[in-house]
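Below is one structure, written out as structure tokens; the observations come after it.
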Amino acid sequence: MTALPEAAPAPAAAAATAAAPRVAPAVPRAGRPEQRRLPLDLRSVRLDPAGALGAWQELNAAATIPHCIAQLETSGVIDNFRRVIGESGAPHRGFVFADSDLFKVIEAVAWEIGRSGTSAHDAWLDEMIDLVQQVQEPSGYLHTWIQGVHPEKKFAELHWVHEMYILGHWLQAAIALDRAAGRSDLLEAAVRMVDLLDRRFGPGREDGIDGHPEIETALVELYRHTGQERFLRLAQHFVDQRGRDLLPNEGFGHHYFQDHLPVREAVDPIGHAVRQLYLNAGVSDLVLETGEEPLAAVMREQWDRVHERKMYLSGAFGSRHRDESFGNDYELPSDRAYAETCATIADLHWTWRLSLAEHDPRHADVIEREIHNALAASVDGTGRRFFYSNPMQRRPDRFSEENAPAERQEWYSCACCPPNIARLVAQISSYVAAVRPARDGEGPALEVLQLAAAQIDLPAQIGSGTLHVDTQYPADGTVHLRLDGELAPGARIAVRIPGWAGTAAVTTADGRSQEVTGEYVELEAGEARSARITLDMTPRWTANHPRVDATRGCLALERGPIVYCLEQVDMPHGLEVDDVAVARGAQVQEAPADARAHSGTATTAEGAARAAAPGAPALRIPVQVHADRGPLIRTASAPTGGAAGETATVTAVPFATWGNRGPGAMRIWIPTAD
């Protein structure tokens, strides 16, 4: 392991640094020469409400965050705090880790303050922080289920009770609030519990790790925020402890908790998907600060295996319901996909940190896939109904299961996903652009990593002024750039070419046009004054690796970064979605934008904000119909039970919009007629 320098513990009151750091969820401190990218302050990236991501942020602010605040009351999360101090006679409600939902919502509010400067939730924050301070014990301990129901179990069941997991979300909320609003009271309280953990489970003390990773990434960010290296040491200690049989080998076993192998040996992603991905985010944070190559090598190998063997086309993860886990390599069932929303969010956090550490063009491609598909599908157009599980196929007789309902729900008994969506969307501008430092004789560059309508203030090392990005992406492949300002000598603007496109047509203000192949369109000062980048948005057919048995002999349809699906509501009368097949290379036609009534993403005034954003068109597909009514098991030579030669034209819609018009059959992967 990498040795860290000694530093004397500092009092909790000294939590915030004198110089406020950037308002962003991950702000590496080390500044190592080999670091690939530097994040921007989210306030310097303003997403246009007329664009898809900007409209989503407006909906998140107007509907999702207020909805989450209301549900914290309805579900009993806030009463759980009140009952500890005698202000509620209600029984404890929800899971033992429900406290984390409050902190995730506070984090969402914090990033929204940073984004928009809103004061709409100030009174609520006052009330919640005061409540947290009253419930917290003098020792620093806080966990409402333990304090109010089972005080004898304090730190006694780390694998299930999740004191450290809750603290991780508490820290992330508190750091966000201090960065975005300059408010340190929640952070000072959280640091008192960190101090308690350090005294109890720190290096050289009692062994102990949480069953649900999350504390690791939060502790590294606390180090970044405060400069106190004791927090970095504690994060490193928890990572070093995992995989040493500290958690009981019961229930789902050590693999479920990622406690089966030391982290530096665990190259295979395994067990509970969200836990693995949160752990990886924390490990990658350590890599950014320490530069430890053995950890970096494991993260590179794990990332390859996660995204080349265990990722769904939508950017979702987790193929098993029983333990919410990764399956084996290429085990990606469509109809039984668990694909938890939180797993996609956790992977986005991890992938972003890896993209800061080193260069791999696939990182931004994956984040794009996740944002526009799995994440976009997890919330409806009202901003108030959510999927926990995100299957790739819904059969017509599908029944609801716990956390995997047939249609989106307002809330869940295990409500981790809705607040997670709220905090991610509030901070989503943090992932749009970054700075590529100068190195190897080349000047620095502002990298536009996610194509979105935005105004991006140039950081000092790039120049001065604002880069205006005008686009209807992902509905349209044209991106207009206008630099209002000056680039520093040698600095450039670098716009990512998505991996699905491969090339881009570029026209600059002088009228010159060229085809650019590679990872970026690199623009110098004169070219960045005014440029147009055009991507080919022709729909394309996609296939999975042949080892994915569930989709062998099937194709999926994509246009730009958008994955499409068939829904029963769009089928011609008498035709079932599971009875269609498509010929390889079938010609696809785009429906006019004004004919997209089928997209129906908004049913309320608040939902209209998102529906008004430019949407990807519907696609019309010629298919063959095979309505097989034959027996389940038949001889291989027996004819099929359906009529041959029937054809139809069906409509495919963006997967992100499925289920907005009610429950019904849906599928992404379409059998081939060949």
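Within segment 533-568, the set of residues being part of a strand (DSSP E or B) and among the aliphatic types (A, V, I, L, M) comprises Ile533, Leu555, Ala556, Leu557, Ile562, Val563, Leu566.
Tell me the residue from Asp397, Asp323, Asp360 that is open to solvent by less than 40 Å² (accessible area, probe 1.4 Å) and over 27 Å from Gln35 (Cβ atoms), please. Unique residue meeting the criteria: Asp323.
Taking the stated definitions as given, is Gly485 over 25 Å from Ile367 (Cα atoms), out of contact with any helix residue (DSSP H, G or I) (no Cβ under 9 Å at 6 or more places or on another chain) and open to solvent by less than 30 Å² (accessible area, probe 1.4 Å)? Yes.
Quick one: in segment 460-488, which of the residues that are among the aliphatic types (A, V, I, L, M) and in contact with a Lys or Arg (Cβ under 8 Å, 6 or more places away or on another chain) is nearest to Pro539 (Cα to Cα)?
Val479
Checked against the criterion of being in contact (Cβ under 8 Å) with a residue 60 or more places away in the chain and among the hydrophobic types (A, V, I, L, M, F, W, C), the candidates Leu171, Leu177, Leu142, Leu234 yield just one match: Leu177.
Could you check how many residues of segment 228-284 are assigned to a loop (DSSP other than H, G, I, E, B), open to solvent by less than 30 Å² (accessible area, probe 1.4 Å) and either closer than 28 Å to Ala30 by Cα or charged (D, E, K, R) (or both)?
8
Among residues of segment 120-134 that are open to solvent by 80 Å² or more (accessible area, probe 1.4 Å), none has a beta-carbon under 7 Å from a residue that is among the hydroxyl-bearing types (Ser, Thr, Tyr) and part of a helix (DSSP H, G or I) at least six positions away or on a different chain. Here the condition is being in a helix (DSSP H, G or I), over 12 Å from Leu171 (Cβ atoms) and either of a type in the set (Asp, Glu) or in contact (Cβ under 8 Å) with a residue 40 or more places away in the chain (or both); of Arg200, Arg224, it holds for Arg200 alone. Screening segment 180-194 for residues that are in contact (Cβ under 8 Å) with a residue 60 or more places away in the chain and in contact with a Gly (Cβ under 6 Å, 6 or more places away or on another chain) and picking the one that is nearest to His237 (Cα to Cα) gives Arg192.
Rundown of residues vs (1) modelled with pLDDT of 85 or more; (2) surrounded by fewer than 12 Cβ atoms within 10 Å (Cβ to Cβ); (3) closer than 21 Å to Ala550 by Cα, yes/no style:
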{"residue": "Val588", "(1), (2), (3)": "yes, no, no"}
{"residue": "Thr601", "(1), (2), (3)": "no, no, no"}
{"residue": "Pro622", "(1), (2), (3)": "yes, no, no"}
{"residue": "Val625", "(1), (2), (3)": "yes, no, yes"}
{"residue": "Thr635", "(1), (2), (3)": "yes, yes, no"}
{"residue": "Ala643", "(1), (2), (3)": "no, yes, no"}
{"residue": "Thr649", "(1), (2), (3)": "yes, yes, no"}
{"residue": "Gly662", "(1), (2), (3)": "no, yes, no"}
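Does Val105 satisfy being more than 27 Å from Ala656 (Cα to Cα) and of a type in the set (A, V, I, L, M, F, W, C)? No; evaluated as a whole, the condition is false for this residue. Within segment 438-475, if we keep just the residues that are of a type in the set (D, E, K, R) and at pLDDT 95 or above, the residue that is most open to solvent (accessible area, probe 1.4 Å) turns out to be Asp470. If you go through segment 85-127 one residue at a time, how many are touching a helix residue (DSSP H, G or I) at 6+ places or on another chain (Cβ under 7 Å), part of a loop (DSSP other than H, G, I, E, B) and aromatic (Phe, Trp, Tyr)? Of the residues in that region, 1 qualify. One residue stands out in segment 137-154 among those that are among the hydrophobic types (A, V, I, L, M, F, W, C) and outside any loop (DSSP other than H, G, I, E, B): the one that is most open to solvent (accessible area, probe 1.4 Å), namely Trp145.
Out of Glu163, Glu157, Glu73, one residue alone is surrounded by 22 or more Cβ atoms within 10 Å (Cβ to Cβ), of a type outside the set (A, V, I, L, M, F, W, C) and out of contact with any helix residue (DSSP H, G or I) (no Cβ under 7 Å at 6 or more places or on another chain). It is Glu163. Restrict the check to segment 569-581 and report whether at least one residue is modelled with pLDDT under 85 and in a loop (DSSP other than H, G, I, E, B). The answer is no, given that none of the residues of segment 569-581 is modelled with pLDDT under 85 and in a loop (DSSP other than H, G, I, E, B).
Among the residues examined, Val506 does not qualify as of a type in the set (Val, Ile, Thr) and closer than 13 Å to Leu451 by Cα.
Answer yes or no as to whether Arg384 is in a helix (DSSP H, G or I), open to solvent by 10 Å² or more (accessible area, probe 1.4 Å) and either at pLDDT below 95 or among the charged types (D, E, K, R) (or both).
The answer is no for Arg384.
Just name the residue that is farthest from Val23 (Cα to Cα) out of those in segment 80-113 that are among the charged types (D, E, K, R) and crowded, with 24+ Cβ neighbours inside 10 Å. Within segment 80-113, the match that is farthest from Val23 (Cα to Cα) is Asp99.
From the set of residues in segment 306-325 that are part of a strand (DSSP E or B) and not aromatic (Phe, Trp, Tyr), which is modelled with the highest pLDDT?
Among residues in segment 306-325 that are part of a strand (DSSP E or B) and not aromatic (Phe, Trp, Tyr), the one modelled with the highest pLDDT is Met311.
Would you confirm whether or not segment 166-183 contains a residue that is small (Gly, Ala, Ser), open to solvent by 10 Å² or more (accessible area, probe 1.4 Å), assigned to a loop (DSSP other than H, G, I, E, B) and within 23 Å of His260 (Cα to Cα)? No, there is no match, as no residue in segment 166-183 is small (Gly, Ala, Ser), open to solvent by 10 Å² or more (accessible area, probe 1.4 Å), assigned to a loop (DSSP other than H, G, I, E, B) and within 23 Å of His260 (Cα to Cα). Cβ separations smaller than 7 Å between residues 6+ apart or across chains give the following pairs from segment 477-488 residues that are over 22 Å from Ala504 (Cβ atoms) to residues that are in a loop (DSSP other than H, G, I, E, B): Gly485/Leu458; Ala488/Gln461; Ala488/Ile462.
The values are calculated or read from the model by the stated rules, or taken from the named source; none is laboratory data. What you see is a predicted model; the values in this text were computed from it and never measured. Neighbour counts run over all protein chains shown; Cβ positions are idealised from the backbone, glycine included. Accessible surface areas use protein heavy atoms only, side chains included; no ligands, DNA or RNA. Shrake-Rupley method; radii C 1.70, N 1.55, O 1.52, S 1.80 Å.
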